[in-house]
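**Student:** One structure follows; several queries about it will come next.
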Amino acid sequence: MPSLYKTPLTALGGIGKKRAEQFEKLGVRSVGELITYYPRAYEDWSEVNKIADIREEGLYCIRAVLAAPISDSRIAGGRILSKGSVYDDTGAVQIVFFNNRYVSQMLQYGGEYFFFGKITIDNYGKQMVSPSFSSVAEGTSIHPIYRQTAGLASKTIANAVKQSLKLLPKEISDPLPEQVRSAFQLCDLRTALTGIHCPADAEALETARRRLVTEELVVLNLGMRSLREHSRGSSGVRITSDHTAEFEALLPFELTGAQKRAIADCVNDMINKTSPMNRLVQGDVGSGKTAVAAAVCHTVIKNGCQAAFMAPTEILARQHYEGLSKLLEGTGIRVALLTGALKESEKKRVRALLVSGEIDLVIGTHALITDKTEFYRLGVAVTDEQHRFGVAQRAKLLSKGENPHLLVMSATPIPRTLGLIIFGDLDISIIDELPPNRKPVRTTLLHPDERYRIYGFIRREIAAGRQAYIVCPLVDEGELDVASAEEYAAELMLKEFSDIPVGIVHGRLKPDEKEDVMARFASGELKLLVATTVIEVGVDVPNASVIVIENAERFGLSQLHQLRGRVGRGDAQSFCVLISGYSNDVTRRRLEIMCSTNDGFKIADEDLRMRGPGDFFGQRQHGLPQLAIADFADAKSLELSQKIADYIMFIYKDLRCDELRLLNAEIERLFDRGGANSLN
Ligand code: ADP
Ligand code: MG
C-alpha cells in the first residue's frame, strides 16, 4: 500500500495527463490516494422493482427494455432533450435526459438495462428523469457515487478505482495490527477497501465502513495525543503574585462575575500548579473574553515574563493591539504588534526587541509562530478564537518558551466528544454571563424583495449617530449568481447611500488596505461597512447597531451567530436582518432559529443537528485535519476510537515501535492532508 501512494495515476489504463489533472482537482494524485477516495454516497440497485408495482414517487431500480431508439430534440437555450420509452413485462416508463449527447448511442433499441433514478407519476404515466443505467450483464449491486468534478463523472472515477484495487499487492500490510482488529472485530484492510468501493451487499458495506471510520478516528486520536505530549511537562515559568486588582483599576468598566472567575481560574493555575496552565476560556460572542486574556497577560508581565497574544486575522490583531495599548498606557508595559502585513524592517525591529526582552506584550497573527520569532522569556501564550488555529500551531507557539502557560479562547461551543479530542488536555472556564445593560439583538428574516425596507432603516440609525454593517458572502469563482462584495457595495454607494460614507472590506484587499478601512469604520468616519465574512471574528465596534446579512442561507448558524455578535456590543438596541430568498422549509427553519434565540450554545446544537458536522465549523476552520470518511459528530465511533487508541498505547507503549510503523505513517498522512499543519 505505501508504494501505491507513489504510483502516479497515469499508471492506470485510460488515464492520461489530462485525466490525471482532473483527478488532481479532487485532491487525488496517486493510486493510493484514489483507493482512499471513498464514495460520498451509494445507490442501492439490489432491489429491482416491477414497473406496475411502483405506485408512489421515489427512487427505484427497474429492469427494462428500450422500446424504440432514443429521440433527440433541441429545446430552449440550445439544450438537447433525449426521450425514450422502456418497458418490462408489467408496464412502461418514459425516460428523459437533458444535454446528454451520448445517451442515444449508449442505449440500444431493444437492449435490456437496469435504470436507477427518481420516478415521478402523473396523468400520462411514469417518468424517470436522467436515470443512471447499466447493462444487465453488469448485474445489480450497490453502486458507489463519487464526488465528481467538471469532465470527471462518478462512473469514470468508479472505473479507475476498480482498476487500482487490482493493483493492491496480494498481502496488504495493515496499519491496524491483527491483535487490535480481532479485539475490536474490525475487518482487514483488503476487505475494507473492496467493501467500501464495490460492496457486494449492504452488510459488506457496513463492515467496510466500520473498519475505515474507526481506523481514521484512531489515527486522529493518536495524532492529537502525540501533539499534546510534545508540548507539556513541568513549567519553566514562575508566577508568584496575582495582579488582577491592579488590572481591574485600569478598566473603564466593572468585570462581570464570570470574567472574574475565569481570571481567578487562570491565576490559580499559574501560581499553584507545577505543570503549566492549559486552559480554555469559552464564552459567547461579546462576553468579554479579551479583558480576561488581558488580565492574565498583565499578571504574567508583572511577574517579569513576556506574553504573546495570537489572533487569527490581521484586523483582529490590530484591534487588540490598539485596545490593549490604550488600556495599558501608563503601566510601563511595552506593547508591540507583529503581523505578516508589517514592513520587513518593522518586523525585524519587533523581533529584536522580543529577544532582548524589551517588549512585554506582543500581539500578532501567525507571524508570531514563524521560526524567526524568538522570545526572551515567554510566560504565557494566548490564542484568540482557538478553533481557527491548528493544534500544531498552538504547539508551535508554546515551543517558543520553556513550557509557558497556555490560554485559549473560543466563542464556538464544541460538542463534548469532539471537545475531548481537540481540547482533551484543557481545563475549561466558561463565561456564562454577558456584561450588564446588553440588550439582546433583535433578528428579522426578510425576502430579497423586501430589501428596500432596510435601507430607510439603516439611514435612520445612521442619522441617530450609529453605524451599520452589510455582509455579503465572498464569491467563489463560477458562482456569479451571488452578489460580489465590490459590485454590490459600488451599487450601494452610487445609489442608496450616495450621501453616506461607505467602506468595503473583502478578502482580496491587501492587509493594509483592509486595516485602513476597518480603522476608519472603528473611528466612526465611515458609517456603513460592506463586508465579506472577514468581519466574522472578534471585530469590536460598539457603536454599530445594525447588521444586514445577505444570502443568509449560505452561512452556517454558528457563523451567523458570530456575525450577529458584531452588533449589540453597546448600550443601544441593535438589529440583525437576515436576507434570504430561501426556497425550502429546512432553510427557513434554520434561519428562524436565529430569530428566536441569542443563545450561542443552543444555536450550535441546532446547527450540528440540522446541517451535520461537516459544516459545523464553517469552512473547515477548526484546525483539525480533514477526514476522508469519518465524521466528527459521530459520537459512537469517536468513543470507540478513543477506546482503541487507549488499547493500542497500552499494548505497544510507543507509537514509534515497529508494529505501529504503518499506523504512524497514516497519522502523518492525515495531518498532512490539510486543516492542521503536519506533526513535528
Ligand atoms: P468577546 O468575548 O466576543 O471577545 P470582547 O472581549 O470583544 O468580547 O468584548 C465585547 C465588548 O464588551 C467590548 O467592547 C468590551 O470592551 C466590552 N466589555 C467587556 N467586558 C465588559 C464588562 N464587564 N462590562 C462592560 N463592558 C464590557
Ligand atoms: Mg473576541
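The values are calculated or read from the model by the stated rules, or taken from the named source; none is laboratory data. Note that the structure is a prediction, hence the values are computed from the model and not measured. Reconstructed Cβ throughout: ideal geometry from the backbone, glycine too, with neighbour counts over all protein chains shown. Ligands, DNA and RNA are excluded from the accessible area calculation, which covers all protein heavy atoms including side chains. Shrake-Rupley method; radii C 1.70, N 1.55, O 1.52, S 1.80 Å.
**Student:** How big is the chain by the Kirkwood estimate over distinct Cα pairs, in Å?
**Tutor:** 28.5
**Student:** Helix by helix, which DSSP H runs in the chain go 30 Å or more along their axis at the Cα atoms and have an average Kyte-Doolittle hydropathy of -1.0 or more?
**Tutor:** Qualifying helices, which must be both long enough and hydrophobic enough, are 202-231.
**Student:** Among all the lysines, which ones have a C-alpha under 27 Å from K495's C-alpha, if same-chain residues fewer than 8 places away are not counted?
**Tutor:** Output for K495: K510, K514, K527.
**Student:** When the chain is fully extended, how far beyond the present Cα-Cα distance does V586 get from M106, taking 0.36 nm per residue of separation?
**Tutor:** 169.0 nm
**Student:** With each pseudo-label sitting 7 Å past Cα toward Cβ, what's the T7-D449 distance in nm, one decimal?
**Tutor:** 5.9
**Student:** Please give the per residue accessible area of the stretch 47-140, computed with a probe of 1.4 Å over protein heavy atoms only, in Å².
**Tutor:** Accessible area per residue, the stretch 47-140: 58 Å².
**Student:** In nm, what is the difference between 0.36 nm times the number of residues separating E659 and S46 and their Cα-Cα distance?
**Tutor:** 216.7 nm
**Student:** Then there is this: What whole number of Å gives the distance from the Cα centroid of the stretch 89-123 to the Cα centroid of the stretch 428-453?
**Tutor:** 51
**Student:** Further question: Just the number please: accessible area per residue for the stretch 244-431, 1.4 Å probe, all protein chains included, in Å².
**Tutor:** Accessible surface, normalised per residue, equals 35 Å².
**Student:** How far, in nm, would the chain grow between E374 and Y647 when pulled straight, counting 0.36 nm per residue and subtracting the alpha carbon separation?
**Tutor:** Length difference between fully extended and current span is 94.4 nm.
**Student:** Per the 1.4 Å probe, what fraction of the accessible area of the chain, in percent, lies on carbon and sulfur atoms?
**Tutor:** Summing carbon and sulfur atoms, their accessible area is 49 percent of the total for the chain.
**Student:** Shifting gears a bit: I need the GluC sites (Glu not before Pro) found in the stretch 39-79, filtered to DSSP loop residues with at most 13 other beta carbons within 10 Å of theirs.
**Tutor:** Within the stretch 39-79, the qualifying GluC sites (Glu not before Pro) (loop, at most 13 other Cβ atoms within 10 Å) are E47, E56, E57.
**Student:** Take the Cα atoms of the stretch 47-140, find their three principal axes, and give me the spread along each one in whole Å, biggest first.
**Tutor:** Reported extents, whole Å, longest axis first: 36, 32, 19.
**Student:** Right, something else. Using packing as a proxy for protection, rank 588-597, 238-247 so that the peptide with the highest average count of other Cβ atoms within 10 Å comes first.
**Tutor:** Per-residue Cβ counts within 10 Å, averaged per peptide and sorted highest first, yield 588-597, 238-247.
**Student:** Also, I was wondering about something else. Where a Cα-Cα gap under 30 Å defines reach, which lysines qualify for K83, not counting those fewer than 8 residues away within the same chain?
**Tutor:** Straight-line reach from K83, under 30 Å: K50, K118, K126, K155.
**Student:** Which translational diffusion coefficient, to the nearest whole µm²/s, is obtained for the stretch 442-597 from the Stokes-Einstein equation, given a Kirkwood hydrodynamic radius over C-alpha pairs, 10 °C and 1.306 mPa s?
**Tutor:** Translational diffusion coefficient: 102 µm²/s.
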